[in-house]
Amino acid sequence: PFGSGVIGILRLHSFYQDSQSSSTSDLYQEIEKLKKDHMLKGVILDLRNNTGGLLPQAVSVAGLFMNKGVV
């Protein structure tokens, strides 16, 4: 809880992609779920145990949180 809403904590252990899912689409769905269920004030993306993975997915995940600029 934070003020009148919540701060979501999302943990991402790798940057992955296959034919049915990807780290970007899964994170996006979880953020939207938090927005729907709670008054979302912010998100903490925990990458401490992230083992790496696909560079295009890492760039795409960063794009979820940036409106402009180069990653």
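The values are calculated or read from the model by the stated rules, or taken from the named source; none is laboratory data. As the structure is a computational prediction, the values presented were derived from the model and not from experiment. With ideal geometry, Cβ positions are generated from the backbone for all residues, glycine too; neighbour counts draw on all protein chains shown. Keep in mind that these areas ignore ligands, DNA and RNA; they rest on the heavy atoms of the full protein, side chains included. Shrake-Rupley method; radii C 1.70, N 1.55, O 1.52, S 1.80 Å.
Some notes on this structure:
- The chain, relative contact order in percent, only Cα pairs under 8 angstrom and at least six apart counted: 44 percent
- In this structure the amide hydrogen of His13, modeled in the peptide plane, comes within under 5 Å of no amide hydrogen from residues 5 or more places off or on another chain.
- Here Lys41 is the anchor, and the aspartates and glutamates within straight C-alpha reach of less than 16 Å, apart from those fewer than 8 places off in the same chain, are Glu30, Glu32.
- The 3J(HN,Hα) values that the Karplus relation (6.51, -1.76, 1.60; θ = phi - 60°) gives for region 49-66 are, in residue order, 9, 6, 8, x, x, 7, 4, x, 6, 4, 5, 5, 5, 4, x, 5, 10, 10 Hz. Gly and Pro appear as x.
- Residue-averaged [θ]222 nm for the chain, counting only DSSP H segments that reach four residues, each worth -39500 (n - 2.57): -10500 deg cm²/dmol
- DSSP beta bridges in the chain [antiparallel fraction, %, rounded to 5]: 20 percent
- Across the chain, the longest run free of exposed loop sites, meaning trypsin sites (Lys or Arg not before Pro) lying outside DSSP classes H, G, I, E and B with no more than 12 other Cβ atoms within 10 Å, spans 1-47.
- Global geometry of region 1-52, whether rounded, prolate or oblate, following the gyration tensor of its Cα atoms and the 1.5 cut on a/c: oblate
- Accessible-area rank, largest first, for Val70, Val61: Val70, Val61, with all protein chains present and a 1.4 angstrom probe.
- Computed from backbone phi, the HN-Hα couplings of region 41-47 come to 9, x, 9, 9, 9, 8, 10 Hz, rounded to whole numbers (Karplus: 6.51 cos²θ - 1.76 cosθ + 1.60, θ = phi - 60°; Gly and Pro given as x).
- A simple charge model with +1 on the Cβ of Lys and Arg, -1 on the Cβ of Asp and Glu and nothing else charged puts the dipole of region 10-54 at about 200 debye relative to its Cα centre.
- Applying both filters, DSSP loop and at most 13 other Cβ atoms within 10 Å, to the chymotrypsin sites (Phe, Trp or Tyr not before Pro) of the chain gives Phe65.
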